[in-house]
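Q: Structure in structure tokens, see below.
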Amino acid sequence: MQTNVRDYSYDQLQTIKGFFTESEWETIYASMDDYIHYQNDDASEDELIGGISVEDRVDSIVNKIRSLPD
């Protein structure tokens with residue numbers, strides 16, 4: 001999976017979390033359940049956003065949301 005790797009401080013993660021309300025974060029998180037259905041195993045790399053499969057992008061987004069502090 002391609003992803004940018006960077007360590008963020010607790011304060012930086014709190015700032016990121018503050019970009020959206022809890023309800024908005026839940027909406028983004030829940031929308032990934034719908035978006036995963038766009039996965040097309042037959043799509044060529046040039047048909048994919050950033051050359052990355054829907055599944056890999058969804059996994060990356062969900063993991064980042066889960067890593068935010070409570």
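Q: Which residue pairs have Cβ atoms closer than 8 Å, lie 6 or more positions apart in sequence or on different chains, and pair a first residue in region 16-40 that is under 15 Å from N63 (Cα atoms) and free of Cβ contacts under 8 Å to residues at least 40 places away in the same chain with a second residue that is open to solvent by 70 Å² or more (accessible area, probe 1.4 Å) and in a loop (DSSP other than H, G, I, E, B)?
A: Correct list of pairs: I28/F20.
Q: From S23, S60, S31, which residue is closer than 26 Å to D7 by Cβ, assigned to a helix (DSSP H, G or I) and polar (S, T, N, Q)?
A: Details: S23 fails: closer than 26 Å to D7 by Cβ; S31 fails: closer than 26 Å to D7 by Cβ.
On inspection, the qualifying residue turns out to be S60.
Q: Separate question: Within region 20-29, how many residues are of a type in the set (A, V, I, L, M, F, W, C) and open to solvent by less than 80 Å² (accessible area, probe 1.4 Å)? Before the answer, list the steps.
A: At the first step, the residues of region 20-29 found to be of a type in the set (A, V, I, L, M, F, W, C) are 20, 25, 28.
Going one step further and asking which of them are open to solvent by less than 80 Å² (accessible area, probe 1.4 Å), we end up with 25, 28.
So the answer is 2.
For (1) more than 12 Å from the chain's Cα centre (by Cα); (2) open to solvent by less than 80 Å² (accessible area, probe 1.4 Å), each residue gets a yes or a no:
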residue	(1), (2)
Y8	yes, no
L13	yes, yes
G18	yes, yes
S31	no, yes
S44	yes, yes
E55	no, no
N63	no, no
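Q: Would you confirm, using the coordinates I've provided, whether G18 is in contact with a helix residue (DSSP H, G or I) (Cβ under 7 Å, 6 or more places away or on another chain) and of a type outside the set (D, E, K, R)?
A: Judged against the criteria, G18 is not a match.
The values are calculated or read from the model by the stated rules, or taken from the named source; none is laboratory data. From a predicted model like this one, the values you see are computed outputs, not experimental measurements. Heads up, the Cβs are rebuilt from the backbone with ideal geometry, glycines too, and the neighbour counts pull from every protein chain shown. These accessible areas exclude ligands, DNA and RNA; they are computed on the full protein's heavy atoms, side chains included. Shrake-Rupley method; radii C 1.70, N 1.55, O 1.52, S 1.80 Å.
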